[in-house]
Amino acid sequence: MTTTYGTIPTAGPPNLEYISRAKQRIKAGLGTRRPWKAMLNFRSLKVPGGGAAEALSRVAVNVSYFRMNYAMVVLLILFLSLLWHPISLIVFLLLMAAWLFLYFLRDEPLVLLGHLVDDRLVLVAMAILTVALLLLTDATVNILVAVAVAVVVVVAHAAFRRTEDLFLGEEEEAAAAALVGAA
């Protein structure tokens with residue numbers, strides 16, 4: 001009969017390993033967003049010279065390129081609008097956990113019933129679910145105003161942010177071309 005008295009365990013407690021792994025996933029997940037410095041570069045802001053067509057083209061490219069950053073901006077505006085509505089804030093925090101798990105911190109693509117789910121579909125579904133569930137919490141005016149303000153902020157930034165200095169990958173180019181073609 002051997003005893004383990006006096007030996008030092010080599011593996012840490014499972015809770016610490018879980019926390020360490022979660023911290024690594026948060027850092028890696030937030031690393032997939034575009035740099036805020038590139039998004040907020042004031043030298044890249046310019047009124048579109050080609051009118052509405054150029055503005056729509058810029059919106060399509062910038063929304064595709066800065067998709068995760070814009071999602072964070074919208075969620076921050078929504079969060080700030082709910083500070084004085086505790087029930088809505090609790091629902092929002094629960095939804096934020098779902099956002100983190102399903103959109104911001106995923107390592108691999110989402111597979112549902114054997115089918116690969118596109119990132120844009122997850123973004124749209126989570127946005128609709130967030131707004132729908134928050135509207136059930138009696139903060140309707142705050143939520144609608146916050147969503148309207150967020151849309152104005154995102155569209156205004158996307159329209160005024162020049163796209164010449166962005167390096168688009170194949171996925172962003174295809175998404176932007178689809179958005180421009182649909183407009």
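The values are calculated or read from the model by the stated rules, or taken from the named source; none is laboratory data. Everything numeric here is computed off the predicted structure, so don't read it as measured data. Positions of Cβ are backbone-derived with ideal geometry, glycine not excepted, and every protein chain shown enters the neighbour counts. Note: accessible area is taken over every heavy atom of the protein model, side chains too, but ligands, DNA and RNA are not part of it. Shrake-Rupley method; radii C 1.70, N 1.55, O 1.52, S 1.80 Å.
Observations on the model:
- Within the range 34-106, the trypsin sites (Lys or Arg not before Pro) that combine a DSSP coil assignment with at most 12 other C-beta atoms in a 10 angstrom radius are Lys46.
- Heavy-atom accessible surface of the range 52-146: percent carbon and sulfur, 1.4 Å: 78 percent
- Cβ-Cβ FRET estimate between Leu121 and Asn41, R0 fixed at 25 Å, reported to 0.05: 0.25
- Mean-position separation - Cα centroids, the range 73-88 and the range 120-157, in angstrom: 10 Å
- Using a probe of 1.4 angstrom and keeping all protein chains present, the accessible surface of the range 91-136 works out to 64 square angstrom per residue.
- Accessible-area order (highest first, 1.4 angstrom probe) of the listed residues Met126, Met96: Met96, Met126
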